[in-house]
Amino acid sequence: MYCEIKAKGGGTTLPSFEDFRRNAPQVQALLLKRPAQRLGIEIPKPAANAMAPTADDEHRSQPEPETAVPETSPTPAGMDNCVLKGKVILCSGRIYRLATNQPNSALGEGVLGESNTLALESFSGGLNDEAAVRRYLSNAYDRYIAKMVEIGLGGATMSFTRFYNSFHRHETEGVDFAERMESTFRYLKEDKQNLAVSGRLTDELPKRIQECAWAGRAVIVCDDVATNWVYVRAD
């Protein structure tokens, strides 16, 4: 459908196909809805158990294998005092609940407006400096997750592994990763104003606390690369 819209000249506001395909099905539907409507193309509702492409799918579709992230979590340490209980994680007496996609009526005032930006800093180091890359991406990923929760898409985020690989792909090609992410964030805000999303993409839940890591002081992210789960502290 992405290709059909592009072929008909209606995809000028869409991200690149590689960026597009790394999003969860509901986010893909958000991005396609407006140009599809202008062309009279019907967007099918994503299946409840639809999944974003797996790491194996991405590897097969690429002429070169992607850079492997050393670990699949932004900050793997610090989960020793946490217990995973399905839709809840308990950490030292604090409760973290699974974030779901939210209707616009439940969002903060103005969060879908132009003034709410992702505002990631551009990377200024060397791509071969793995320590600098990881520091940059850990901070950038924390902000990305917080902003996706803020606009009601906490149930449709990308894993840190995909975030990491997307960064390397763009920067290697001379594309500013921060600017590209800002564009995608803008598209999501614009389209979410007109498209309802269901709470979750899948009924699956993380199986082990070892799949989880901190993404800021009040957020825990769990992933098995193919699926991402965000847990937010219940204050």
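Scaled against the 2.2 N^0.38 Å expected of a compact globular protein of N residues, the Cα radius of gyration of region 82-234 reads 1.06. For Val219, the shell of other residues with beta-carbons less than 9 Å away shows a net charge of +1, using +1 for Lys and Arg and -1 for Asp and Glu. Give me the net charge for the shell around Arg233: Cβ to Cβ below 10 angstrom, other residues only, Lys and Arg +1, Asp and Glu -1. Computed value for this residue: +2. For region 106-159, the solvent-accessible area of protein heavy atoms averages 47 Å² per residue (probe radius 1.4 Å; ligands and nucleic acids excluded).
Given +1 at the Cβ of Lys and Arg, -1 at the Cβ of Asp and Glu and no other charges, the dipole of region 126-235 around its Cα centre is 260 debye to the nearest 20. To put it simply, the accessible area of region 82-234 at a 1.4 Å probe is 47 percent carbon and sulfur. The lysines within cross-link reach of Lys189, meaning a Cα-to-Cα straight distance under 29 Å and a gap of 8 or more places when in the same chain, are Lys6, Lys8, Lys33, Lys45, Lys87, Lys147. Normalising the Debye intensity of region 155-235 to I(0), with uniform scatterers on Cα atoms only, and taking log10 at q = 0.24 Å⁻¹ returns -1.22.
The values are calculated or read from the model by the stated rules, or taken from the named source; none is laboratory data. Keep in mind the model is a prediction, meaning the values are calculated, not measured. Don't worry about glycine lacking a Cβ; one is built from the backbone with ideal geometry, like all the others, and counts go over all protein chains shown. Heads up: the accessible areas ignore ligands, DNA and RNA and are worked out on the full protein's heavy atoms, side chains in. Shrake-Rupley method; radii C 1.70, N 1.55, O 1.52, S 1.80 Å.
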